[in-house]
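Heads up: the structure comes next, in structure tokens.
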Amino acid sequence: MEKLESRNLEYKALIDDNLEDLIEILTNDDVCKYLPGEKAYSKEVVKNFLNHYKNNFSVSTPNLCYGIYEKNKSKLIGYGGVVFVKELNMPEIMYGFNKNYWNRGYATEAAFRFKQLAIDIKLKKLIGLADINNIASNKILIKVGYNFLKQANLWDTELYMYELTI
């Protein structure tokens, strides 16, 4: 489970060398607009993000956050996976991409790959969370097969919550 593939993308467990690329992604206001806090993360927060997912990579939790790359390329262009949301006591599919790689279908491709990962590790149910103003992510969750549950406030962010039974 340390490495996965889909049509155009490769997914590898996060490593320390990913820090600079993650900083490029998560210190961008446009990328972070729909993430908790709704603004660019500090370098220290990004470092903590990397350390959390790198040091807690686990199938049993699940806590499987990968670095995302275009096939046969070395630059990290995103992150994502199946991770446990302790506030909801449920796993979710999550992802984020460098703004330079938006509008290429990569988020949809990754979401479908992570759905398959959830099936492979024998999960029965997933939640999906998307900022109410993030039209693209809301559409992706529906395309992947999620059903709308409700609007909720989590991490001081208004979110649409979805559920996927697999």
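Criterion first (of a type outside the set (Lys, Arg), touching a residue at least 40 places away in the same chain (Cβ under 8 Å) and closer than 23 Å to ASP120 by Cβ) does VAL31 satisfy it? No: the conditions fail for VAL31. Looking across segment 65-91 at every residue that is in contact with a helix residue (DSSP H, G or I) (Cβ under 9 Å, 6 or more places away or on another chain) and closer than 16 Å to GLY128 by Cβ, the one that is surrounded by the most Cβ atoms within 10 Å (Cβ to Cβ) is identified as GLY81. The residue of segment 113-133 that is farthest from VAL83 (Cα to Cα), among those that are buried (at least 17 other Cβ atoms within 10 Å of the Cβ) and of a type outside the set (A, V, I, L, M), is ASP131. Taking segment 119-136 as the range and being assigned to a strand (DSSP E or B) and farther than 15 Å from LEU88 by Cβ as the test, only ASP131 passes. For segment 52-59, the criterion of being in contact with a strand residue (DSSP E or B) (Cβ under 9 Å, 6 or more places away or on another chain), surrounded by fewer than 17 Cβ atoms within 10 Å (Cβ to Cβ), of a type in the set (Gly, Ala, Ser) and within 23 Å of LEU126 (Cα to Cα) is met by at least one residue. Would you check if there is a residue in segment 108-131 being touching a residue at least 60 places away in the same chain (Cβ under 8 Å), touching a Leu at 6+ places or on another chain (Cβ under 7 Å), among the acidic types (Asp, Glu) and under 28 Å from GLU2 (Cβ atoms)? Looking for residues that are touching a residue at least 60 places away in the same chain (Cβ under 8 Å), touching a Leu at 6+ places or on another chain (Cβ under 7 Å), among the acidic types (Asp, Glu) and under 28 Å from GLU2 (Cβ atoms), one finds at least one in segment 108-131, hence yes. For LYS86, the criteria (1) under 30 Å from GLU20 (Cα atoms); (2) of a type in the set (D, E, K, R); (3) at pLDDT 95 or above hold in every case but one, which is (3).
Counting only residues that are polar (S, T, N, Q) and within 16 Å of the chain's Cα centre (by Cα), segment 29-47 holds 0 of them. Being free of Cβ contacts under 8 Å to residues at least 60 places away in the same chain and of a type outside the set (A, V, I, L, M, F, W, C) holds for only one residue in ASP21, ASP16, and it is ASP16. With respect to ASP156, is the statement that it is more than 16 Å from LYS3 (Cα to Cα), acidic (Asp, Glu) and either surrounded by 12 or more Cβ atoms within 10 Å (Cβ to Cβ) or at pLDDT 95 or above (or both) true? For ASP156, the condition - more than 16 Å from LYS3 (Cα to Cα), acidic (Asp, Glu) and either surrounded by 12 or more Cβ atoms within 10 Å (Cβ to Cβ) or at pLDDT 95 or above (or both) - is not met. Against the list (1) of a type outside the set (Asp, Glu); (2) under 23 Å from ASP30 (Cα atoms); (3) free of Cβ contacts under 8 Å to residues at least 24 places away in the same chain, the condition TYR160 fails is (3).
The values are calculated or read from the model by the stated rules, or taken from the named source; none is laboratory data. The structure displayed is predicted, hence computed values, not measured ones. Note that each Cβ is placed from the backbone with ideal geometry, even for glycine, and that neighbours are counted across all protein chains shown.
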